[in-house]
Amino acid sequence: MRVYESAEDYLEAILVVGKRRGLVRSIDIANELGYSKPSVSIAMKKLRENACVEMDNDGYIRLLPAGAEIAERIYERHQTLTDFFVYLGVDREVASADACKVEHDLSEETFGRIKEHVRRTMGADEAEN
């Protein structure tokens, strides 16, 4: 299944909001990403059709295994790239925004090298915070 950048953003947002709040609804995702509720509703429908998320009768959204795998991968990339950019001297807010732009398009090889470098220079514990 080919997952597009916007789908990755939605899945990552579900993961992040879920870590922060426990339960996730469409409005939480809209607020997290700054998107309209109708846009989120359309995206959630597509993600349900692709077996990435499920929604219960109360409107709570849960990642399914395929969606969780994508979300965790993108979240790890975001965190690692943010830490790397901060290590280079970039302000954390700017680093996080830049990580969002890069996390989707970076090759596995390049990301792997950055990840190794971050873990070597910052230590595994610091790099995961």
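The angle separating the long axis of helix 108-122 from the principal Cα axis of greatest extent in the chain is about 60 degrees. Quick one: net charge around H104, please, counting Lys, Arg +1 and Asp, Glu -1 for every other residue with C-beta under 9 Å from its C-beta. Cβ neighbours under 9 Å give a net charge of -3.
Dividing the mean sequence gap of close Cα pairs (under 8 Å, 6+ apart) by how many residues region 1-66 holds gives a relative contact order of 30 percent. Note on the chain: GNM, Cα springs under 10 Å; of V90, V24, V16, the largest mean-square fluctuation is that of V90. Taking Lys and Arg as +1 and Asp and Glu as -1, the other residues whose beta-carbon sits under 12 Å from that of L23 total +2.
The fraction of Cα-Cα pairs per 5 angstrom bin, counted from 0 for region 38-87, comes to 5, 19, 20, 20, 13, 11, 8, 3, 0 percent, rounded to whole percents. Only the Cβ atoms of Lys and Arg (+1) and of Asp and Glu (-1) were treated as charged; on that basis the dipole of the chain about its Cα centre amounts to roughly 300 debye.
Reducing region 87-124 and region 16-78 to their Cα centroids gives an inter-centroid distance of 24 Å. Seen against the Cα atoms of the chain and their longest principal axis, helix 92-102 is set at about 70 degrees. Restricting the chymotrypsin sites (Phe, Trp or Tyr not before Pro) of region 1-101 to loop positions (DSSP other than H, G, I, E, B) with no more than 16 neighbouring Cβ atoms within 10 Å leaves Y4, Y60.
In the chain, the DSSP-assigned H stretches of four residues or longer account for a calculated mean residue ellipticity at 222 nm of -22500 deg cm²/dmol, using -39500 (n - 2.57) per stretch and the full residue count as denominator. For the pair K37 and N50, the difference between a 0.36 nm per residue extended length and the Cα-Cα distance amounts to 2.7 nm.
Where a number appears in this text, it was derived from the coordinates with a stated rule and is not lab data. These figures come from a predicted structure and were not determined experimentally. Please note: Cβ atoms are built from the backbone with ideal geometry, for glycine as well, and neighbour counts cover all protein chains shown.
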